[in-house]
1. Give me the log10 of I(q) over I(0) for the chain at q = 0.09 Å⁻¹, as the Debye formula computes it from C-alpha points; what are the numbers?
2. Step through the residues of the range 315-329 one at a time and calculate ³J(HN,Hα) from phi using the Karplus curve (6.51 cos²θ - 1.76 cosθ + 1.60, θ = phi - 60°), rounding each to whole Hz and writing x for Gly and Pro.
3. How large is the dipole of the range 199-253 about the Cα centre if only Lys and Arg carry +1 and Asp and Glu carry -1, each at its Cβ, rounded to the nearest 20 debye?
4. Quick one: His212, His204, fewest Cβ neighbours within 10 Å first, how do they rank?
5. Which whole-Hz ³J(HN,Hα) couplings does the range 40-56 yield from phi under the Karplus relation 6.51 cos²θ - 1.76 cosθ + 1.60, θ = phi - 60°, glycine and proline marked x?
6. Fewest Cβ neighbours within 10 Å first, please rank Thr77, Thr277, Thr232 accordingly.
7. Roughly how many debye, to the nearest 20, is the charge dipole of the range 102-292 about its Cα centre, given +1 on each Lys and Arg Cβ, -1 on each Asp and Glu Cβ, and no other charges?
8. To the nearest 20 debye, what is the magnitude of the charge dipole of the chain about its Cα centre, counting +1 on the Cβ of each Lys and Arg and -1 on the Cβ of each Asp and Glu?
Amino acid sequence: MKVAVFSAVRYDREFLDAANAASGHQLDFFDVPLGAQSLALAAGHEVVCILPNDAADADTLAALAAGGCRLLALRSTGFNNVDLQAAARAAIKVVRVSAYSPYSVAEHAVALLLALDRKIPRAYNRVRDGNFSLDGLMGFDLHGKTVAVVGTGRIGRAFARIMVGFGCEVIGYDTHPVPDFETLGGRYAALAEIGARADVVSLHCPLTPDNHHIINAESLGRLKRGALLINTSRGGLVDTEAVIAALKSGHLGGLGIDVYEQEAALFFHDLSGTIITDDLFERLLTFPNVIVTGHQAFFTREAITTICATTIASIDDFEAGNPLANEIPIPPTVPTGV
Ligand code: NAD
């Protein structure tokens with residue numbers, strides 16, 4: 001099949017080409033995101049393959065269908081960037097990679113937490129500068145602390161398991177609790193208890209219309225003073241202005257994020273020679289107790305291998321007319337989940 005791969009960078013080519021070796025689809029790689037400016041590139045391709053920051057809205061999907069697209073293959077788990085109702089109207093099936101490596105994201109959340117707590121970026125820069133003073137680098141033991149996991153799905157549970165191993169008390173909140181979380185040593189708690197007791201809060205729930213800005217001035221105000229917030233899930237879960245206010249007042253003890261609500265204009269691009277005009281993002285970078293990575297939590301060899309293999313397998317199944325194991329069902333009325 002002819003496949004238009006958008007937002008393709010070097011590793012996409014390398015790993016998708018390897019996964020496609022036996023299938024022989026025609027993969028056309030485009031390094032630009034899918035959008036109004038790049039739609040013409042998709043013409044004549046039956047499959048369009050995208051990432052979370054490629055917007056598949058109603059107009060885009062209608063234009064893709066007109067160009068011959070019948071399958072939209074997401075190289076991601078989250079699908080909040082796709083208008084599923086519009087895809088159904090355009091007779092485009094949508095598949096995703098429903099599971100790859102929960103460990104990749106969970107381990108990155110732990111990396112952010114440790115780097116924040118033990119001030120690794122500051123320590124690294126100091127040592128390189130010949131400054132071996134420890135002043136200002138004091139952290140705290142994670143052992144014995146209370147860690148809250150919001151969203152106890154695959155990634156949340158992988159994160160919780162590591163935190164249990166560190167000797168933390170792990171409490172969780174989920175709209176759909178699962179017994180596995182308690183089996184691994186976690187305990188479900190009400191949001192009020194999480195606010196009152198958590199030393200660390202890590203977000204692992206999808207972004208849905210119901211939980212946009214779940215971290216806002218009010219919920220931040222309920223947090224214990226000095227708590228750390230980790231977000232490897234989706235930027236839209238967090239009200240950045242409220243977080244900046246909480247950091248300025250000292251109420252929030254630190255922030256580690258891999259995702260940012262306006263990240264589409266920034267992440268995955270080399271902007272080192274340009275002026276970044278997002279003042280909220282730039283303000284975040286001025287805090288010594290904020291660590292930002294550019295949506296790289298998924299980025300391990302194991303995860304990329306699985307993402308590419310699953311994507312090619314979905315295209316194989318679509319071509320063969322087989323059931324699509326990773327098809328996203330069209331919600332009857334409620335729009336997208338992630
Ligand atoms: P999952 O579906 O296995 O688990 C999500 C859990 O969140 C479910 O248990 C669900 O019931 C729960 N949930 C839904 N709404 C909630 C709410 N309002 N409050 C609390 N819990 C809620 O998903 P997963 O594989 O664990 O992935 C979680 C999220 O991680 C994805 O949706 C995506 O946004 C994010 N993600 C980020 C990266 C990255 O590179 N940074 C990579 C993959 C996934």
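Rule-based calculations on the coordinates, nothing more; no lab input. As the structure is a computational prediction, the values presented were derived from the model and not from experiment. All Cβ positions, even for glycine, are placed from backbone atoms using ideal geometry, and neighbour counts span all protein chains on display.
1. Ignoring solvent entirely, the Cα scatterers give -0.52.
2. So the Karplus estimates, Gly and Pro as x, are 5, 4, 5, 5, 5, 7, x, 7, x, 9, 4, 10, 5, 8, x Hz.
3. Details: 5 positive and 5 negative charges, 37 e Å.
The calculation lands at about 180 debye.
4. Numbers: His212 15, His204 27.
Sorted ascending by nearby Cβ count, the order is His212, His204.
5. 4, 5, 7, 4, x, 9, 6, 10, 10, 10, 9, 10, x, 8, 8, 7, 10
6. Values: Thr77 21, Thr277 8, Thr232 27.
Taking fewest neighbouring Cβ atoms as first place, the list is Thr277, Thr77, Thr232.
7. Details: 17 positive and 22 negative charges, 117 e Å.
It comes to approximately 560 debye.
8. Working: 26 positive and 37 negative charges, 157 e Å.
The dipole magnitude comes to about 760 debye.
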